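Values in this text are rule-based calculations from the coordinates and carry no lab data. Note that this is a predicted model, so its numbers are computed, not measured. Every residue, glycine as well, gets a Cβ built from its backbone with ideal geometry; the counts of neighbours run over all protein chains shown.
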Amino acid sequence: MYRIDRRLLEHFDVILMLLIVLTCTMALFNLYSASMPSPGGGLAPWMKQSIIMVGCFILFFVIISFDYKLLHILNYPFYFIIIASLLLADAIGATAGGAQRWIDLGLFNFQPSEPAKLMMVITLASYYARKEVSGGYSFFDILPPLGLMAVPFILILIQPDLGTSLMLIIIFASITMFVKLRWSAYVILLSLGSGAGIFAWLHLLKPYQKKRVETFLNPEHDLANQGYQILQSKIAVGSGGLTGSGYLNGTQGHLHFLPERHTDFAYSVLAEEWGFIGSFIFLLIYFGMLFWGLYVGMTSKDRFGTLLAFGVVTLIFWQAVINLFMIMGFLPVVGIPLPLVSYGGSSLITTMMGLAILMNVRIRRFNPITGGNH
Amino acid sequence: MKFSLKLPTAKQDQFEERDDVSLNILQKRLIGVGVIIVFFLVVILLRFYFLQVTKGDDYKRRAYNNRIRISTVAPPRGHILDRMGREIVTNRPSFNVALVREDSRDIDGTLKKLGPVLGMSEEELWGRVREASDTPLYLPVTLKEDIDWQTLAYLEYNNREFSGVRIEVQPVRVYPYGDLAANIIGYLGSISKKELENADRSIYSGGDLIGKRGLERLREADLRGEKGKRYTEVNARGFEQQMLDGIEPMPGRDLQLTIDVDLQQIAENYMLAGEKSGAVVVLEVNTGRLLAAVSTPTIHIEDFVGGISRRKWKALMDNEHKPLMNKVVQGTYPPGSVYKMVTALAGLARGVVNENTSLFCPGSYRFGNRTYRCWKHSGHGMVNLCQALGQSCDVFFYQVGQWVGVDGLAKYATELGFGQQTGIEMEYEKSGLVPTKAWKQEVKKRKWQEGETLSVAIGQGFNLVTPIQIANMTATIANGGTLYRPQLVEKVIDPEGKVVEQFKPEVKSEIKDFSHFFQLIRQGMEEVIQGKRGTARQLRIEGLPFAGKTGTAQVVKVAQYRGLRDEDIPYKYRDHGWFTCYAPADKPEISVTVLVEHGLHGSSGAGPVARAVLKHYFAKRLKEGTLSAQE
């Protein structure tokens, strides 16, 4: 067996851990309120989420005990497992909400598109860490990661889950831009992207997906369906006022005015019950965790660590921004959860794995050659 | 751990050193990333600040509106009672199915499911919803009124399947006496868009019941009461969670009428049993209280509860007996011989006749180059005023009329209340018509022919009167010259039992210094009943001397029907039969006026109805014999 390096314990980041635990605790408390009154039948959402959460923390410590460099290798089986799961979900997955997105695992429905996002982060980080080009990457340099991204992208798109598949593009774009592209590559990518976008609008998008985009452009138009949910969310958030209606006292969620109140719109419940002050504190902690993730990236000992840290922060950040924008009425309902806050096992496990990788990079920030810290 | 470190460390030495600079560049870039994240955080916080603090109160109100439904509770409408306090109209609860569009997330689906349950087509239900398209979405739209217990139980039990559907309890009218006095009471209906436009929106809203006809309409303000309010918390599917607060509805005020249900019923039954269309009016001669006012055929008032069907409405409109018309005030007819009292009064007042005047009736009267016949072709011989009234001699009144002139007749007709509304609390009262020379010039653009005066004098010609006018005239003659405004409402009683309005006799005008003339006319009217040759002597009631006058109003002057037997004349060309009377003869209390449309003769068609009313009214005293003792 291996012995745990003493320096690993010394470098364990208490602040990062504290931010994660705080966020998870608040999220669970909120989920308890958001699942009231319980839909009945089986475990209440908050209970399920708590059980998964415990499992996630065990997984967290398992992951940080291995060196993140192992991901260079683990990435390959991981990638193929995800692709296989996506194919499985597409083929035989249980039908939920008119989309084939799930594989029933008993305790929760496993949604392979969630870990696919993390898998994308690891794959890209691994690729860009190993292939370093001076003066920025050319279009041909990024063709392999583009191809690696395209496969899960298409598999998720046909589920159909437009939101998650677009998340893959956003992650790809963020990381690729972060490692710097040549101008020529930008031009080619942009023209290809817009061409694909127009083609998709004309031939690939399902009517309900088009409707979502149209609703976004003209939110008051379709009050009964899409706009209704957003409006109800705004009412819930706004009615919280400065100090909120008090924990468990929110009316909009409990009386079902708020749709998807424990999943996509879980944060609306928090905002209603805790008001602006509660929102403010929670967002400071939540974004504090992201800033700390950037700090992890800045202090990592190598390129792979930095890219992994950046990737994980990107993954959480964009989902949070999209979800919060949706809740606040800036975006249509796209089905992107707020990581850690929204109910959902797949998303929770994925996010916790990402945070574990972050911690992993953090505790191995010492340089084994020079022995110094960054 | 060992395994994991091996593979990367093999390469590590090669690029770890040269990587140091580029790693630094990459890590510096994270500062820029941090700035971007800060930017988004600021945007998000500002937006939350805007939603929660700047617009917080606005959204709080909307959240409140989201969950709080203010529903109105219809008040029980005031009851309508007869003079003895017997309930002619009361209420019972009706369970209505209503849809709150705002609460129904799938109106189409709900209506689809609801159709078979309510026995209505989807199109009908949509029609109801569309009718209310311009009302706010939180207001319920009534889909069906007055569902039965089984439907109610089904909907309540399966309420989760019908999102946004609510059961509302609304008091509706019940009529313990059936169609009795339907012409007076009128009916309710859903408030129309037009009515709603003019209505006080704090009182009325769409779907409310409002008085459409009769007292229900005229006394709407008294009867309607005040709506209650109920604040309930509902969830997004429109299911009520809990009741928070409420204001009890205030019941409407009760109307106690001057009507006597028994008299009304007897008169109505007599008319209906003989399939007589027409009107009966019973008045207290010394107060103007209306004891009965019948118009036949009657409407089926129950048909109007919950809205009358188009088919039934059309049938009512097309009926040649005009059941929708309240003939008491809306029917105008030639008065025929009952007008002779007017001619008599005019003659007496102008001094052209007095109690000693006797005129000879040979059976006809020659005027100009025309012969005016008396109804009795063999003639009445020498008759005075009393006999002329008693035997209804046309020739006598031709001459009186001719001496007084048409404008003279009109003057006294007007004093007796003709040509104007009596002012009774009934809708669309007609004024009738009292012809004058000026009227003819203006309306007909022709000069008055003297011969026409003769027709007017016996109640033919241009004269038009309503049954209530004849009744009021009879009362005025009976009481010696006081013209009352006939009234219908004895009391208005508020829900606590306090009397808010009390009947007071209302004198319209008094005809002074004519008491002697009225006495002479009364003698003549008594002769009609009590005289050996009285035209209505067969109506005599043992122990109750009374006075009256028959009338036969010609509908058409068509020679071809002359000499035909009555039943051979087509219905619509038959004469109208009038009978008006007061009783007792010496100390009048009530007047009874009966009109039978196309009833041929006053004494045979209309008389028995009046006789039945009188017999009932005086039944107790007749039994005790107290009336005949006075004689």
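Here the relative contact order of the range B:73-257, from alpha carbon pairs under 8 Å that lie six or more residues apart, stands at 34 percent.
This ranking places B:C374, B:C393 by how few other beta-carbon atoms lie within 10 Å of each, fewest first, which gives B:C374, B:C393. Between the helical axis of B:467-479 and the longest alpha-carbon principal axis of chain B there is an angle of about 50 degrees.
Residues whose amide H lies under 5 Å from that of B:R289, counting only those 5 or more places away or on a different chain, are B:E284, B:Q487; hydrogens are built 1.01 Å from N in the peptide plane.
The amide H of A:G244, built 1.01 Å from its N in the peptide plane, has A:G275, A:F276 as neighbours under 5 Å, considering only residues 5 or more places off or on other chains.
Each part gets one Cα centre, and for the range B:41-88 versus the range B:373-435 those centres are 65 Å apart.
With Rg and the Kirkwood Rh both taken from Cα atoms, where does Rg over Rh land for chain B?
On the way: Rg = 38.4 Å, Rh = 29.5 Å.
When Rh is taken as the Kirkwood radius, the ratio is 1.30.
Computed extension gain for B:Y154 through B:K623, at 0.36 nm per residue and net of the alpha carbon distance, reaches 163.0 nm. Our helix-only sum for chain B, with -39,500 (n - 2.57) per DSSP H run of n ≥ 4 divided by its residues, gives a mean residue ellipticity at 222 nm of -11000 deg cm²/dmol.
Label separation (B:N354 vs A:R6): 15.2 nm, computed from points 7 Å beyond Cα along the C-beta direction. Placing pseudo-labels 7 Å out from each Cα toward the beta carbon at B:E275 and B:E501 gives an inter-label distance of 4.0 nm. For the range B:107-134 versus the range B:451-477, the spacing of their alpha-carbon centroids is 56 Å.
Its residues counted as N, the range B:88-163 yields a C-alpha radius of gyration over 2.2 N^0.38 Å of 1.13.
Partners of B:K144 within straight-line reach, counting lysines whose Cα lies under 24 Å from its Cα and excluding those fewer than 8 residues away in the same chain: B:K112, B:K113, B:K193, B:K194, B:K212, B:K227, B:K229, B:K312, B:K314. Each Cα pair of the range B:402-472 feeds into the Kirkwood radius, which the Stokes-Einstein equation turns, at 10 °C and 1.306 mPa s, into a diffusion coefficient of 126 µm²/s.
When the Cα gyration tensor is reduced to axis lengths a ≥ b ≥ c, the ratio a/c is 1.5 or higher for the range B:281-347, and with a/b not above b/c it is classed as oblate. With distances taken between every two different alpha-carbon atoms, the range B:310-353 has a Kirkwood hydrodynamic radius of 13.6 Å. In the range B:262-630, the C-alpha radius of gyration followed by the widest Cα-Cα span (Dmax) gives 20.3, 71 angstrom. Take the residue pairs B:K322/B:K430; B:K340/B:K620; A:K131/B:K28; B:K587/B:K615 and return only those whose Cα atoms are more than 22 Å apart. Violating the 22 Å limit, Cα to Cα: B:K340/B:K620.
Would you mind ranking B:W313, A:W183 so that the residue whose beta carbon has the fewest other beta carbons within 10 Å leads the list?
So the ranking, lowest neighbour count to highest, is A:W183, B:W313.
Between B:Y49 and A:I15, take the C-beta separation as r, use R0 = 22 Å, and let me know the FRET efficiency to the nearest 0.05. Efficiency, from the Cβ-Cβ distance: 0.20.
Cross-link partners of B:K437 among lysines, defined as those whose alpha carbon lies under 17 angstrom from its own and excluding same-chain residues fewer than eight positions apart: B:K411, B:K445, B:K447. Inter-chain neighbour count for A:307-317: the average number of beta-carbon atoms from partner chains within 10 Å of each residue's beta-carbon is 2. Applying the Kirkwood pairwise sum to the alpha-carbon positions of chain A produces a hydrodynamic radius of 21.6 angstrom.
Here's how it looks for B:R373: its modeled amide H is under 5 Å from those of B:Y365, which are all 5 or more places away or on a different chain. Rounded to the nearest Hz, the phi-derived 3J(HN,Hα) couplings of the range A:178-195 under the Karplus curve 6.51 cos²θ - 1.76 cosθ + 1.60 (θ = phi - 60°) are 5, 7, 6, 10, 7, 4, 4, 5, 4, 4, 5, 4, 5, 5, 5, x, 5, x, where x marks glycine and proline. Between B:V592, B:Q387, B:Q265, whose Cα lies farthest towards the positive end of the dipole of the protein assembly as shown when Lys and Arg beta carbons carry +1 and Asp and Glu beta carbons carry -1, centred on the Cα centre? Among B:V592, B:Q387, B:Q265, the one farthest towards the positive end of the dipole of the protein assembly as shown is B:Q387. Peptides B:164-171, A:316-323, A:186-193, A:21-28 ranked from most to least packed by the mean count of surrounding Cβ atoms within 10 Å: A:316-323, B:164-171, A:21-28, A:186-193. Listed from fewest to most Cβ neighbours within 10 Å, the set A:I83, B:I184, B:I36, A:I230 follows the order B:I36, A:I83, A:I230, B:I184. For the range B:73-257, the ratio of Cα radius of gyration to the globular rule of thumb 2.2 N^0.38 Å stands at 1.09. Karplus-derived 3J(HN,Hα) values for the range B:608-617, using 6.51 cos²θ - 1.76 cosθ + 1.60 with θ = phi - 60°, are x, 5, 4, 4, 5, 4, 4, 4, 6, 4 Hz; glycine and proline are entered as x. Peptide A:283-291 is shielded by partner chain Cβ atoms: per residue, an average of 3 of them sit within 10 Å of its Cβ. Working from label points 7 Å from Cα in the Cα-to-Cβ sense, the B:T371 to B:S202 distance is 7.5 nm. Expressed per residue, the C-alpha convex hull volume of the protein assembly as shown stands at 226 Å³.
The length gained by stretching the chain between B:K512 and B:M317 to full extension, at 0.36 nm per residue less their Cα-Cα distance, is 65.7 nm.
Along the range A:142-152 the Karplus relation, 6.51 cos²θ - 1.76 cosθ + 1.60 evaluated at θ = phi - 60°, assigns HN-Hα couplings of 9, 4, x, x, 4, x, 5, 6, 4, 4, x Hz to successive residues, with x for each Gly and Pro. If you plug the beta carbon distance of B:E542 and B:D108 into 1/(1 + (r/R0)^6) with R0 = 60 Å, you get a FRET efficiency near 0.20. Each Cα pair under 8 Å and six or more residues apart adds its sequence gap; the mean of these over the residue count of chain B is a relative contact order of 13 percent.
Here the contact order of chain A, divided by its residue count and restricted to Cα pairs under 8 Å and six or more residues apart, works out to 26 percent.
Straightening the chain between A:I73 and A:F330 buys 88.5 nm, computed as 0.36 nm per residue apart minus the Cα-Cα spacing. Computed from the C-beta positions of B:L324 and B:E124, the FRET efficiency with R₀ = 25 Å rounds to 0.45.
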